[in-house]
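This report concerns only the one structure given below.
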Amino acid sequence: MESASGTATCSGILVPSVESSLLNRRSNIIWLRVRIGLLRRARFEVYYPINLPVQKKGGVCSIRQYRKEADSDFVEPIGKLRAICPNRFLQAGTIFKWVGETLLGTSFPIVLSQIRFFERPKRRASGAAPKPEDYEAVGRIDHVLVHPSRKPLDWCALEIQAVYFSGKRMLLDIERIRSHSGSALPFPTETRRPDYRSSGVKRLLPQLLLKVDQLRRWEKKMAVVVDGEFFRALGEMDEVPGNDLSSCDIVWFPMEFEESGSGAVLIQGTKHLTTLEKAREGLAGGRPVSKQTFEQRIRDKLIREHPDAAATLDLSQ
């Protein structure tokens, strides 16, 4: 039995659901568009209320595992979808409704995107008073949701994190489908895997450490949207007692994919309320050991690797 990660949805359409001849024709169209530069990023064509660009070449917006027997051409999709394009979460405004209901008490928040949050001064003449145009953005909030009628202004921040993957580019799947002559879906030949460490520790965690620390000084909440598989891959995070919204810094909104016909519909998972500190532990994938345990490991390593130096040190506890 072989298994590998490959394209799950392309431009919003489930690849395994498309008839082989249509899939081949579709891959040819995508390939030509990308090759001649007319469409660097394919667009969602189903389920979406607006024409949103997929941020990956060839329009691949999610991946999944496939498996097949060594002596068979039958390819079976297994497991759940993992979103690799952040715009995949914008389907039908589901996340905005859920976050709005939870944090603002409205199903119809006003959605503002890419608002400057961090900025730094540009170089200017020495001694000159800074003006608004003298600053440049170095960080933005993905989305800000605003209550449509509440006074004073009531809002929350929302960050979306898709999954990075380790391995060769997804456009190779389109090339393989394009040249495939069999009646079954071709098995992915490239070695890939979801890279939750890069997605979480290297990308999402620094964003939260910087942004949430400031937001909670303003007594504002951060909503974080990820797919369910991403959230389940995180380390354990203790939630605030009693799921008390006033005690948390971050509300996690894991989204699941429900496959239906030729597409996959976003549905709500189970929200989780945490502090920034507990989120850091979960994203890092572990908790710090005690000082006693850590120092014992220092002693052990000194004895193994630097026995002469260890002999002159007082390594008693």
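Where a number appears in this text, it was derived from the coordinates with a stated rule and is not lab data. This is a predicted model, so every value here is computed, not measured. With ideal geometry, Cβ positions are generated from the backbone for all residues, glycine too; neighbour counts draw on all protein chains shown.
Quick notes on this one:
- Centre separation in Å (Cα based) which lies between region 63-103 and region 260-306: 24
- Per-residue Cβ neighbour counts within 10 Å put His306, His147 in the sequence His306, His147, beginning with the fewest.
- Selection from Ser260, Gly200, Pro288, by position along the positive dipole direction of region 200-304 (Cβ): Pro288
- Label point distance in nm, Leu210-Arg193, each placed 7 Å from Cα along Cα→Cβ: 2.9
- Full extension of the segment from Glu277 to Ala70, taken as 0.36 nm per residue of separation minus the current Cα-Cα distance, would add 69.9 nm.
- If the segment from Ser113 to Glu305 were pulled out straight at 0.36 nm per residue, it would be longer than the present Cα-Cα gap by 63.8 nm.
- Region 213-317: C-alpha gyration tensor shape, a/c 1.5 cut-off, then a/b vs b/c: prolate
- Spacing of the modelled spin labels on Lys291 and Gln268, each 7 Å from Cα toward Cβ, amounts to 4.5 nm.
- Take the Cβ atoms of Lys202 and Glu236, set R0 to 22 Å, and the FRET efficiency comes out at 0.65.
- Among 272-285, 219-232, the peptide with the highest mean count of other Cβ atoms within 10 Å heads the list, and the full ranking is 219-232, 272-285.
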